[in-house]
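The values are calculated or read from the model by the stated rules, or taken from the named source; none is laboratory data. Predicted model only: the values in this text are computed from it and were never measured. Ideal geometry is used to build each Cβ from the backbone, glycine not excepted, and the neighbour counts take in all protein chains shown. Accessible surface is based on the protein model in full, side chains and every heavy atom, while ligands, DNA and RNA are left aside. Shrake-Rupley method; radii C 1.70, N 1.55, O 1.52, S 1.80 Å.
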Amino acid sequence: MKRLIIVRHGEYGPDNHLNSYGKEDITTLANLLKGTINGEKMEILTSVAARARESAEIIGHVLGVGTEEHDVLWSENRHREDLPKALELVRSKKDGTDILILVTHLEYADRFPSYFGKEELGIDSFPRREIRKGQAWDIDCEQKTCK
């Protein structure tokens, strides 16, 4: 795997579905990602929550890739993040995939980049800070950078 991209789902309304701002932000992000991909093999894994699935579907549509749902990527009040299980999922996909995109929630967007950097790449320098809805961390696994 060359890159791991961790996307925080878009803005959503009281019905837990993306609102117009969320759809717009995710479409913008997907188009930015499209400009950085040069024919690499991609997979998109998403949380089962509606707001994440809808975000993943938009990204998949723009990139021409299907999505795959995983309960482990859902985190909120009663669904605690499980970083070791998420890492296990990522490791299961890394062979044969150049770019892996995870569409998930605040807790994973906040904590998983540094956990992945330490556990998988052997570095402690990845940022650990909140990104807003509709944004992403882009981890270059070869250069060992996170932006």
Using DSSP to define loop residues, name the trypsin sites (Lys or Arg not before Pro) in segment 55-106 whose beta-carbon has at most 16 other beta-carbon atoms within 10 Å. 78, 80, 94
Using the crude model of +1 on Lys and Arg Cβ and -1 on Asp and Glu Cβ, and no other charge, please compute the dipole size for the chain relative to its Cα centre, in debye to 20. 260
Distance cut-off 20 Å, Cα to Cα: go down the list 41/133; 85/144; 85/133; 2/93 and report the pairs above it. 41/133; 85/144; 85/133
Using a 1.4 angstrom probe on heavy atoms only, work out the carbon and sulfur share of the accessible area of segment 40-147 in %. 41
Given 10, 125, 47, which one lies farthest toward the positive end of the charge dipole of the chain, if we put +1 on the Cβ of every Lys and Arg and -1 on the Cβ of every Asp and Glu? 125
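Counting only heavy atoms of protein chains, what accessible area per residue, in Å², does segment 20-147 have with a probe of 1.4 Å?
In whole numbers, segment 20-147 has 52 Å² accessible per residue.
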